[in-house]
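In what follows, a single structure is set out as structure tokens and then discussed.
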């Protein structure tokens, strides 16, 4: 009953913006060119050094803080090293290297952990932005055709 | 068991040994690093893995890499897109026909075949054609707008 059709006087009301440059206008998306060319990078595109398996887990409840994750059951299943980053859990099974000393392995693990952390801070928090390029530089091991 | 295959991917000759059980989309993503084609459902429902094999769209998750021996495979990453693909890419940008872009590669490949084989398709036919490709964020209206615009431009150019 309150539709403009029933209230003819309202039809004369001027629009909020006479120059509708913002309302109803599509704003060009950043990075859209990349996406239509299949060059977007998604979580499952990441190939991290010596990564065998990865699991991403986020809170099922909005704004909830994860205060603990019970991993004992996961440890029994197999992964030797499980690395946590904020609300993301990354399970890394480090491949056994033949004829390598324990010290070398420790150094590699430390290097790997540093690298993963960098990726987590700079990459996973960014979605569909130009910073994907920096992510690609850091972690992409994509063999070029 | 491995199989030796020779094929052309986006215009580049490729010769590889692949596991006989490996799917085409896994081969493209893991062996060639072409991650533009995505894995969604992995059983041929969502269409995110759609690629073109010998000018025909296929589900990358339902075709074995070994089956594409001797074929010409094209994905949305091709550096030399066909006129139809190029026009569709421009139209998708013009109409903002994507948000996250996950479905876009497969959607584009499906639309290329539509544009090339059914140039007189109307909006209902476009919707019917892309019904095998799921988009979970943009919605299909803008995608149909983009495809319809390409078809309209092609008709105008043909006059």
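No lab work stands behind these numbers, since they all come straight from the coordinates. Fair warning: this is a prediction, and the values are worked out from it, not measured in the lab. So basically every Cβ, Gly included, is an ideal-geometry build from the backbone, and we count neighbours across all protein chains shown.
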Find the Cα radius of gyration of region B:1-132, compare it with 2.2 N^0.38 Å by division, and give the number to two decimals. 1.04
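Ranking B:34, B:85 by Cβ neighbours within 10 Å, fewest first, what do you get?
Details: B:34 26, B:85 22.
Lowest count first: B:85, B:34.
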Treating the angle as unsigned and between 0 and 90°, give the value, to the nearest 10°, between the Cα long axis of helix B:141-158 and the longest Cα principal axis of chain B. 80 degrees
Quick calc: nm separation of the 7 Å Cα→Cβ label points for residue B:141 and residue A:44 -> 2.9 nm
Between residue B:94 and residue B:21, what's the calculated FRET efficiency when r is the beta-carbon distance and R0 is 45 Å? Round to 0.05. 0.65
May I ask you to sort B:143, A:43 by Cβ crowding, counting other Cβ atoms within 10 Å and putting the fewest first? A:43, B:143
Quickly work out the residue B:69-to-residue B:41 label distance, labels modelled 7 Å from Cα along the C-beta direction, and quote it in nm with one decimal. 3.1 nm
Alpha-carbon Rg with Dmax, taken over region B:71-140, Å: 11.8, 33
Going by how many other beta carbons lie within 10 Å of each one, how would you line up B:23, B:117, fewest first? B:117, B:23
Protection-proxy order for peptides B:149-158, B:86-95, each taking the mean of Cβ atoms within 10 Å per residue, highest first: B:86-95, B:149-158
Looking only at other chains, what is the average number of their beta-carbon atoms within 10 angstrom of each beta-carbon in B:95-108? 4
Output field shielding_mean for B:26-36 (other chain Cβ, 10 Å radius) holds 4
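For residue B:13 and residue B:117, FRET efficiency with R0 = 22 Å and r from the beta-carbon atoms, rounded to 0.05?
0.25
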At the level of C-alpha centres, the distance separating region B:99-126 and region B:29-44, in angstrom, is 19 Å
Can you check how the C-alpha radius of gyration of region B:1-52 compares to 2.2 N^0.38 Å, as a plain ratio? 1.15
